[in-house]
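Since the structure comes first, as structure tokens, the remarks are kept for the end.
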Amino acid sequence: MKKYILIASSLLCLAFTNSCSESDLDLEAQSSDNIEVPLTEEKMQMLLKGAYFNMSSTSGYGTELLLFGDLLGDKLFMSSTNALYLFTANKTYGPNQSDFGFYRLMYDVIMSCNLVINDTNVPSNANVERIKAEAKLMRGYAYFILVNYYSPTPTSGINQEYGVPIVLSNYGSLIQPARSTVAQVYEQIISDLKAGEQGAEAAPSTKVLLGKAAAKLLLSKVYLTRRAPGDAELALQYTSDLINNAASYKLAPIDQAGYVSYFSGDNDALAENQPETIWELDQNENSNIVTGIGSNIALPAYYSRLDSKRNLIFMQSFYASFNTTDVRRSLFAVNNATGNQGYWTTKYPNKTRPDANSALKDYMRNLKILRFADAELSHIEALYHTGQQTLALTELNTFSAKRKGKVYTSTGAELLTDIITERSKEFFGEGQRFLDLKRYNLPITKASNCTMNCDVPANDKLFVLPVSQSAVNANPNLKQYPGYN
């Protein structure tokens, strides 16, 4: 009987409780346990929760994945006052020096999910099928993150043999997988997300769980990244379903009146578990102990102008690109301290309260990862790629009008540029800009607030992160991406 050590104090011995709110994740007593194969239903759930917490940790979406997605792009720069993540900001990363810790982390997520997915001994019931479905969604999501960052985009036409290793078996110390092709990785992602969508809940009781809506949005994003023949039609199908049947998924677009409180207000009751959100990370006093979120490393610590560790500033030119009436413009605050004419964002307040009558606490606001707005803008993008440009323009202006933003009049390639521009305005600080540039093979151009690698041409090696030298040394079958050798 094969055994795997389960370390409760790290990530895995976790339980959902209703002690404070439906979304809270509280720790059980810390201990070490053996995961035996075959599993029990209880330990399947523990492994799944471990995968959630790995994804939510500081090296994952809890802090750094959201941060890197903007810092690698063209709208954000780093204050000299608190100069952190300099390898990323200057794009001087390599196999022996980088700020990136999520390569191994995503494979930890995958390892936990594999154990759940591969078990054939726990009797099937509705809860077991839900657990397995969420594990498939999480595994597909982890591979999507890995291939987005550590491989060239499918439409680039270069180095397509440099996908990421696919591991679907249970953990083994002798496993030394080679890179799969980019195409093979995308097929695996789609397979996982489709299988997960079939068994996931349509409307989970809390937005910290992945459900059918998350699966459909992720599939649309996968198809709009791969863009093989027929992919745009599939992306349109999934986004149309989300928009037309939003109520059945407990979703609804956020209105202008609630936009600021959804992001910048200090009342968590108006910001968390909202209909605009498809998936968010649970942050509370107990979960933060596990994920590492705190004063030393937390997304609000770097973005909020009111935090002593503040260092992430948006460019003046980006702020100026918003209409003065645009509600999103109110999520910026001018940086008067350093004289570099940048703007802080108030999108991530460092101090919030569970409700209007509670005391303020640091770094407790759930982080929004997947939103309904992404379904709306992905729908517009899919319309463009399916030859429905007139309708795409109409819907783009409808979306922009909800934020009191710009009126677009473009056609052809300029319309696609405007769609991507609108995405940059909607999702600034949410880790999407670099990936949007990359999937359309666009250069990174930083005209200000930049001293190194300010103009990175499309398909440059810097668009693909290097695997650490230690990972290459440990696995002779793992090839480094060309240019980093």
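Please pick out the residue among Leu209, Leu242, Leu251 that is crowded, with 19+ Cβ neighbours inside 10 Å, assigned to a loop (DSSP other than H, G, I, E, B) and more than 18 Å from the chain's Cα centre (by Cα).
After ruling out the rest, the residue left standing is Leu251.
Filter region 414-439 down to residues that are surrounded by fewer than 21 Cβ atoms within 10 Å (Cβ to Cβ) and of a type in the set (Val, Ile, Thr) and give me whichever is farthest from Thr277 (Cα to Cα).
Out of the qualifying residues, it is Thr417.
Residues that are within 19 Å of the chain's Cα centre (by Cα) and buried (at least 19 other Cβ atoms within 10 Å of the Cβ): which helices (runs of 4 or more DSSP H) entirely in region 275-344 hold 2 or more of them?
The qualifying helices (runs of 4 or more DSSP H) are 285-291, 299-303.
If we scan region 47-55, do we find a residue that is at pLDDT 95 or above, assigned to a loop (DSSP other than H, G, I, E, B) and within 30 Å of Asn453 (Cβ to Cβ)?
The answer is no; no qualifying residue exists.
Tell me which of these Ala228 doesn't satisfy, since it passes every other one: (1) in a helix (DSSP H, G or I); (2) surrounded by fewer than 22 Cβ atoms within 10 Å (Cβ to Cβ).
Every condition holds for Ala228 apart from (1).
Among the residues of region 427-485, write down those that are among the hydroxyl-bearing types (Ser, Thr, Tyr), in contact (Cβ under 8 Å) with a residue 12 or more places away in the chain and closer than 25 Å to Gly60 by Cα.
Tyr440, Ser468, Tyr481, Tyr484
Kindly list, by first and then second residue, each pair from a residue in region 160-184 that is among the hydroxyl-bearing types (Ser, Thr, Tyr) to a residue that is surrounded by fewer than 17 Cβ atoms within 10 Å (Cβ to Cβ) and assigned to a loop (DSSP other than H, G, I, E, B), limited to pairs with Cβ atoms under 8 Å and residues at least 6 apart or on different chains.
Short answer, once both residue conditions are applied: Tyr162/Lys479; Tyr162/Pro482; Ser169/Ile175; Thr181/Gln160; Thr181/Glu161.
Here's the yes/no breakdown for (1) touching a strand residue (DSSP E or B) at 6+ places or on another chain (Cβ under 7 Å); (2) buried (at least 19 other Cβ atoms within 10 Å of the Cβ); (3) of a type outside the set (Ser, Thr, Tyr):
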{"residue": "Phe87", "(1), (2), (3)": "yes, no, yes"}
{"residue": "Gly94", "(1), (2), (3)": "no, no, yes"}
{"residue": "Gln97", "(1), (2), (3)": "no, no, yes"}
{"residue": "Met106", "(1), (2), (3)": "no, yes, yes"}
{"residue": "Ser124", "(1), (2), (3)": "no, no, no"}
{"residue": "Leu146", "(1), (2), (3)": "no, yes, yes"}
{"residue": "Ile158", "(1), (2), (3)": "no, no, yes"}
{"residue": "Arg179", "(1), (2), (3)": "no, yes, yes"}
{"residue": "Val182", "(1), (2), (3)": "no, yes, yes"}
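The values are calculated or read from the model by the stated rules, or taken from the named source; none is laboratory data. From a predicted model like this one, the values you see are computed outputs, not experimental measurements. Note that each Cβ is placed from the backbone with ideal geometry, even for glycine, and that neighbours are counted across all protein chains shown.
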